[in-house]
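The structure appears right after this line, and notes come after that.
Quick note: the coordinates plus some simple rules give every number you see, no bench work behind them. None of these values were measured; they are calculated from a predicted model. Here the Cβ is made from the backbone with ideal geometry for all residues, glycine too, and neighbour counts use every protein chain on show.
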There are 2 protein chains.
Amino acid sequence: LKDCKYAHFRREFLQLHPIDQAEFYGTLEESFRQKLYKAIHSNEMAAIFQALDFEEQKHLAVIELDQQYAANMLNHLYADDAADFLSQLEAHEAEAILRTMKAEEANHVIDLMSYPPKTAGSIMTKEFVSITSNQTVQQVIEQLRLEAPDAETIYYLYVVNDVKQLVGVLSLRDLLTASPNEVIEHLMSSRVISIESTSDQEEVAKLIKKYDLLAAPIISPNRTLLGIVTVDDVMDVIEDETTEDLGEFSASRGATDVNLSAFQAAKLRSPWIIMLMFFGLITAGIIDQYEETLEQIVLLAAFIPLLMDSAGNTGTQSLAVVVRGLALGTIEKKGLLRTLRREFSTGLMIGLLCALVLVLIIPLIYGNVILAIIVGVSVFCSLSIATVIGAIVPLIINKLKLDPAIASGPFITTINDILGLLIYFSIATSLLQYL
Amino acid sequence: LKDCKYAHFRREFLQLHPIDQAEFYGTLEESFRQKLYKAIHSNEMAAIFQALDFEEQKHLAVIELDQQYAANMLNHLYADDAADFLSQLEAHEAEAILRTMKAEEANHVIDLMSYPPKTAGSIMTKEFVSITSNQTVQQVIEQLRLEAPDAETIYYLYVVNDVKQLVGVLSLRDLLTASPNEVIEHLMSSRVISIESTSDQEEVAKLIKKYDLLAAPIISPNRTLLGIVTVDDVMDVIEDETTEDLGEFSASRGATDVNLSAFQAAKLRSPWIIMLMFFGLITAGIIDQYEETLEQIVLLAAFIPLLMDSAGNTGTQSLAVVVRGLALGTIEKKGLLRTLRREFSTGLMIGLLCALVLVLIIPLIYGNVILAIIVGVSVFCSLSIATVIGAIVPLIINKLKLDPAIASGPFITTINDILGLLIYFSIATSLLQYL
């Protein structure tokens, strides 16, 4: 295909969706890639660039392309994607590229890079369409013809006053169905759903999801329109947050990427395992304290796993309920105390049920009623407590705005293990005389 | 506000976003709600209805509204939302409403209800804009003016031939920037990204995410255009799938909703806990087999929790990596075998590191080198195996297209517990003479 039939290749290649172009690009060797750069303009390359991983982007923009071509390409990128890429580069590499870029585009990008990560400002883009309330439908349509190729979305038109404050919004749908001479002021909705640039990116995601929007306007404290966040960026935010939640659940935060090498994965994951293993040493110390009790009735050891797993599983269920409730905002609606009370009641019921099953089954297998009572009562107590621990720890962490990684699933399981074993051996020791 | 000043209330109320109208509606008592129904037309009520929970919807449509008003309201709903609601009702209730609805709308809804749950067909809607390739830009704009109020999105225009097969797509953006006399055939892209109605709803979500689309067309096997799925529906799919994944991780599938009563939650969650408790009884049986070994050296029992937790945590990490990799499609790219090999290597490294730490620490605390070797070697073996179990079980389940709930986190933890204990006690028994 590409033994220098550039024109033919160009025509075929540009018919593909940019995402598929990027996939094709990823399969090429360097010599072919260099030919591709000659066949493709920098604005067409921008669409491919946007679909690549950061590592591929870096290789492309910093190593393979000459600086002028790279800067032209970044000029054509949406400012949010350019800012995203440049903020991950070394400072001097980013500066070199920014200096070669068009001043206007570079300023947009530098502005976006100034917002702290994970805020609404950091994920917004500058390429929106703003209109004024005294324009007519016809005038706006004319304006759209000019601006449409560069805007990230033209489906929402944001109405600003003469000091650039956001005063209204109009969908393209409403614009098209209106008569050409109508004035925007009479068509626009003045109750605009907007969000401040310093808000958490998750707030933007919640807003867009709640109102089924295609984009949300980002404003400054004095209501100046700064940028917009589109629904595709929000989908990426949701994906990242989900990965983060799952990482927390499994003590593998930041290490769930299958593309890491085994060594990198081990390096990221082993600190968690080792930290949790030290908690295991505490548990070992507790059991060691009760060595005398254990010596008298070794069978007690057999139920350690059952007790630990049951408490661990019940606590993890509560954790899942609370983590999901916080993510979806259903807990705010219901109230913290009511959530806790619900979890505790659930724990009491599950605990009671499990205890009853054990008190019936253990005597059948091991012929020991006292043992059954010890295990049953311990399971009842530790399951009731486990739900409260599983629910309260993430709630406290959320209230204190701490890093929720501390409340990871295995951590809660470990707390519940320790409490469960203390309960178990205390009960066993006090009932020892009857065994 | 609403002591019968209907006209004034109406004006104020309709300025609110439907989502906020629904929130306000939720705070009203029945007598006020009845007044609201009088003030608001059935098409305006449809927007509120769409934002309610199923229980609220059912109460509204089946109990509080008279059947004609309810049917009118459902006529104005997008067909996918109506189908969603009606398919959750009892068959006779749904039929009663469908019979009162407009025949055309009712047929759309009945058609949508015929697709199996969780397929692309079940989440699509019929309200799309279809055009033909011989229309001009001006003609399409005229058509949009008429159809825009009823279509779920007008931002993508789907081009069909005379037997309704999908042959192209055109964005409203491209339409607006084209000259009015241009023919659609020259503007449209004929490489349309589409998906069959029988595909899994997650496939639609992946496609829309991958290509940053606002909607995707759903086709029959012979490429007839059946409907579209919009990005807001896809966000709901992603949310549901995330809830499901988290439920599987924590053995609380289908029970992570904070709004369930404590009794309902206990009813849904206790079967998992009890099932896992029975596995605990198996573990107890295994330990019981080694009672003699334990009697001779009770301290062995102290390290049961450490061993179990470490294997459980490591396995859960692998599970998280694989579950996330399957959800994001990164595992397909990397290959199953390479993923498994990566996990196993990671397990060997983490296992080795943990074993080294234990072999150094245990003699310091308990003054027992043999014990340290037993625990260290067991941890090394069980952690290496745990990563493989954690990775292979969800992969097999995914390949066999079974219900992934079987691979829930606690289930994998339990398998790893059993294997870990067998390794531990086998090693301990064979080294008993040296203790």
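For the stretch A:262-434, the Kirkwood radius over C-alpha pairs fed into Stokes-Einstein at 37 °C and 0.692 mPa s yields D = 190 µm² per second. Each principal axis of the stretch A:207-247 carries a Cα extent, and these read 38, 20, 15 Å when sorted largest first. Taking the fewest neighbouring Cβ atoms within 10 Å as the starting point, the ordered list for B:E95, A:E241 is B:E95, A:E241.
Note on the stretch A:174-327: semi-axes of the ellipsoid equivalent to its C-alpha gyration tensor, largest first and rounded to whole Å, are 54, 18, 13.
With Rh defined as the Kirkwood radius, the inverse of the mean 1/r over Cα pairs, the Rg/Rh of the stretch B:6-114 is 0.96. For the stretch B:262-434, a crude dipole built from +1 on the beta carbon of Lys and Arg and -1 on the beta carbon of Asp and Glu, taken about the Cα centre, is about 1000 debye to the nearest 20.
What whole-number volume per residue, in cubic angstrom, does the convex hull of the C-alpha atoms of the stretch A:210-282 give?
Working: hull volume 12.0 nm³, N = 73.
Given the Cα convex hull of the stretch A:210-282, per-residue volume reads 165 Å³.
For A:L16, the point set 7 Å out from Cα toward Cβ sits 5.1 nm from its twins in the other copies, listed from shortest up.
Roughly how crowded by other chains is peptide B:229-236, in terms of the mean Cβ count from those chains within 10 Å of each of its Cβ atoms? Don't skip to the answer; put the middle values down first.
Working: counts 0, 2, 8, 7, 1, 2, 8, 2.
Partner-chain Cβ atoms within 10 Å, mean over residues of B:229-236: 4.
Residues whose amide H lies under 5 Å from that of B:Y156, counting only those 5 or more places away or on a different chain, are B:L172; hydrogens are built 1.01 Å from N in the peptide plane. Between copies, the label points at A:D162 (set 7 angstrom from Cα along Cα-to-Cβ) are spaced 5.9 nm, reported in nanometres from shortest to longest. In this structure the amide hydrogen of B:I219, modeled in the peptide plane, comes within under 5 Å of the amide hydrogens of B:I195, B:E196, B:S197, B:L226, none closer than 5 places in sequence on its chain. Over all pairs of different C-alpha atoms, the stretch A:31-70 has a mean inverse distance whose reciprocal, the Kirkwood radius, equals 10.2 Å. Taking θ as phi - 60° and the Karplus parameters 6.51, -1.76 and 1.60, the scalar couplings of the stretch B:110-123 work out to 4, 4, 5, 5, 7, 7, x, x, 6, 8, 4, x, 6, 10 Hz in sequence order, x denoting glycine and proline. Under 22 Å between alpha carbons, and skipping anything fewer than 8 positions from B:K267 in its own chain: which lysines qualify? Excluding near neighbours in sequence, the set is A:K334.
In terms of other Cβ atoms within 10 Å, B:I362, A:I219, A:I273 run from fewest to most in the order A:I219, B:I362, A:I273. What does the C-alpha gyration tensor say about the overall shape of the stretch A:162-233? Classify as rounded when a/c is under 1.5, otherwise prolate if a/b is larger than b/c, or oblate. In terms of gyration-tensor shape, oblate. Between the helical axis of A:79-88 and the dominant principal axis of chain A, each derived from Cα atoms, what acute angle in degrees is found, rounded to the nearest 10? Computed tilt is about 50 degrees.
The largest-to-smallest principal axis extents of the Cα set in the stretch B:290-359 are 52, 22, 16 Å.
Rounded to the nearest 20 debye, the dipole size of the protein assembly as shown about its Cα centre is 620 debye, using +1 on the Cβ of Lys and Arg and -1 on the Cβ of Asp and Glu.
Exposure proxy shown here: for A:T314, A:T346, the number of other Cβ atoms within 10 Å sets the order, fewest to most, as A:T346, A:T314.
Just tell me how shielded A:144-157 is by partners: mean number of partner chain Cβ atoms within 10 Å of each residue's Cβ, no decimals.
Numbers: counts 4, 4, 1, 1, 7, 3, 0, 1, 0, 3, 6, 7, 0, 0.
Average neighbour count from other chains, rounded to a whole number: 3.
Taking a straight line from the alpha carbon of B:K5, these lysines sit under 20 Å away, with near neighbours fewer than eight places off in the same chain left out: B:K35, B:K38.
Equivalent-ellipsoid semi-axes (√(5λ), Cα gyration tensor) for the protein assembly as shown, whole Å, largest first? Walk me through the intermediate numbers first.
Details: eigenvalues 592, 245, 115 Å².
Rounded to whole Å, the semi-axes are 54, 35, 24.
Straight Cα distances below 21 angstrom link B:K102 to the lysines B:K58, B:K126, with same-chain residues fewer than 8 positions distant left out.
Using the reciprocal of the averaged 1/r over all distinct C-alpha pairs, how large is the Kirkwood radius of chain B in Å? Walk me through the numbers before you get to the answer.
Values: mean 1/r = 0.0378 Å⁻¹.
Every distinct Cα pair counted, the radius reaches 26.4 Å.
Estimated from helices alone, the mean residue ellipticity of the protein assembly as shown at 222 nm is -21000 deg cm²/dmol (sum of -39500 (n - 2.57) over DSSP H runs with n ≥ 4, per residue). Taking amide H atoms as placed 1.01 Å from N in the peptide plane, the amide H of A:F303 has no partner under 5 Å among residues 5 or more positions away or on other chains. The protection proxy used here, the mean number of other Cβ atoms lying within 10 Å of each residue, ranks peptides A:175-181, B:386-392 as follows, highest first: B:386-392, A:175-181.
What does the highest-first list of A:410-422, A:32-44 look like by mean Cβ count within 10 Å? Present the calculation step by step, with values, prior to reporting the outcome.
Values: A:410-422: 23.5, A:32-44: 15.6.
For the peptides A:410-422, A:32-44, the packing ranking is A:410-422, A:32-44.
Taking only the Cα atoms of the stretch A:109-191, the ratio Rg/Rh comes out at 1.03, with Rh defined as the Kirkwood radius.
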